[in-house]
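Here is the structure we will look at, set down as structure tokens.
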Amino acid sequence: MYDVIVVGAGPAGSTAARYTAMSGLRTMLIEKERFPRIKPCAGGVSRYALENLGIELPPSLIEKRIKGARVWYKNSYMESMNDEEVAVTVQRDRFDKFLADQASRAGANFLDNTPVKGIDIDSDCATVHTEQGSYCAKMIIGADGMNGVCARNVRSPYGKEEVAFSMEAEIPVNDDFLDDNLSSMVQFHFGDVPRGYGWVFPKKDRICVGIGEIGPDWNRPVDSYRRFLNKLGMDYVKPRGYMLPVGGHTRNTYNDRILLTGDSAGLVDAFLGEGIAYAIMSGKLAAETAACAHKSNNYSSYSLSTYHRRCQREFGSDLKYSLLLSRIFYKNPDIFASMLIRHPSLLDRFVLLATPDFNYGSYLKWLIPRLPFYVAKELISSKV
């Protein structure tokens with residue numbers, strides 16, 4: 001019997017498996033896909049995420065070092081650049097494989113190409129059923145995504161307003177394009193997608209171009225994606241689509257013998273859709289909770305509830321504030337997107353959200369007292 005089985009080898013699962021193995025727990029990490037695998041994702045890893053990773057990211061995995069952002073509203077933009085990097089971009093297939101390899105080196109038994117078909121939890125153990133066989137453990141850490149098997153044992157399905165839809169493609173570009181426009185910045189385009197935005201993230205020899213929209217009423221997203229590529233002056237490239245949970249909603253993350261992490265727990269920034277940082281942090285917290293449960297031999301829901309409280313203390317308020325900002329922004333997107341590109345101080349602080357030095361609570365605390373002034377200026381400008 002294993003002490004812990006981690007289901008899903010994304011950043012949350014591999015981080016959790018690495019820490020449980022380092023704690024001396026007998027750990028299995030199960031992944032449905034064969035690694036390395038293609039993972040739809042813009043590939044931005046914030047400095048906030050990197051500083052919580054617990055291991056150094058090899059330079060060979062870094063595609064571009066990001067120091068700022070260019071934010072567009074329709075056909076106008078403003079840039080904000082920092083002296084220090086605020087994020088890096090990666091290819092998720094290589095990044096995730098590196099994290100899974102680190103878990104293996106720490107002592108976790110890694111099984112890829114092994115879809116999980118079901119989970120049974122009783123008073124004695126948790127059993128994970130796969131096509132290759134069944135495996136028993138004292139507890140499970142679920143990191144298999146928002147619609148994974150693990151979540152069904154913990155919470156109800158997400159509501160329509162609790163999900164976002166994204167689509168993206170990676171498009172080869174020449175060195176001149178990257179050097180001239182995107183060598184060290186990401187681009188956010190507001191005003192092109194209802195209740196969402198478009199993005200351009202630079203890689204070594206390509207860019208990731210995508211759109212994302214919150215809520216259930218996605219209005220012909222492929223057409224929106226075509227229009228966005230056309231705005232960028234690019235030919236159509238077939239995108240990959242995927243759904244993301246919208247963070248900040250109240251959700252359960254634990255039950256007897258099981259914890260949920262990352263997307264499975266709904267831990268995604270509601271405004272920009274960033275989830276890697278919260279995946280990494282929740283994976284570490286889940287591993288620490290598992291180690292405590294092992295020491296006390298108590299895997300009850302009551303015992304594991306400490307994980308949920310720790311997540312709330314560490315970043316729960318940040319997710320709630322990101323949801324609040326999202327609702328404020330997308331209620332009047334013309335006003336707020338225009339504000340963002342007209343006021344440098346507003347944009348500078350927006351870029352700092354990728355660092356450990358600033359969060360959504362700090363941003364809103366700074367913004368709200370100034371909001372009437374900024375809104376008044378926008379309304380006056382629109383009438384001139």
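Key figures
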{"item": "Residue tally, condition open to solvent by 50 Å² or more (accessible area, probe 1.4 Å), outside any strand (DSSP E or B) and either touching a helix residue (DSSP H, G or I) at 6+ places or on another chain (Cβ under 9 Å) or basic (Lys, Arg) (or both), over region 128-144", "result": "0"}
{"item": "Residue match in region 170-187 (condition: open to solvent by 50 Å² or more (accessible area, probe 1.4 Å), among the small types (Gly, Ala, Ser), over 17 Å from the mean Cα position of the chain (by Cα) and farther than 30 Å from LEU304 by Cβ)", "result": "no"}
{"item": "Yes/no for ALA164 being buried (at least 17 other Cβ atoms within 10 Å of the Cβ) and at pLDDT 95 or above", "result": "no"}
{"item": "Test: TYR363 is closer than 19 Å to ARG257 by Cβ and aromatic (Phe, Trp, Tyr)", "result": "no"}
{"item": "Region 337-375: number of residues that are part of a helix (DSSP H, G or I), open to solvent by 40 Å² or more (accessible area, probe 1.4 Å) and closer than 14 Å to LEU272 by Cα", "result": "1"}
{"item": "Within region 326-336, considering residues that are assigned to a helix (DSSP H, G or I) and out of contact with any helix residue (DSSP H, G or I) (no Cβ under 6 Å at 6 or more places or on another chain), the one least open to solvent (accessible area, probe 1.4 Å)", "result": "SER326"}
{"item": "Criterion: out of contact with any helix residue (DSSP H, G or I) (no Cβ under 6 Å at 6 or more places or on another chain), free of Cβ contacts under 8 Å to residues at least 60 places away in the same chain and open to solvent by less than 10 Å² (accessible area, probe 1.4 Å) - qualifying residue of GLY316, GLY266", "result": "GLY316"}
{"item": "Qualifying positions in region 180-194 - part of a strand (DSSP E or B) and of a type outside the set (S, T, N, Q)", "result": "MET185, VAL186, PHE188, HIS189, PHE190"}
{"item": "SER301 under 22 Å from SER80 (Cβ atoms) and in contact with an Asp or Glu (Cβ under 6 Å, 6 or more places away or on another chain)", "result": "no"}
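The values are calculated or read from the model by the stated rules, or taken from the named source; none is laboratory data. This structure is a prediction, so every number in the text was calculated from the model and none was measured. Neighbour counts run over all protein chains shown; Cβ positions are idealised from the backbone, glycine included. The protein model used for the area step is the full one, side chains on, heavy atoms only, and it has no ligands, DNA or RNA in it. Shrake-Rupley method; radii C 1.70, N 1.55, O 1.52, S 1.80 Å.
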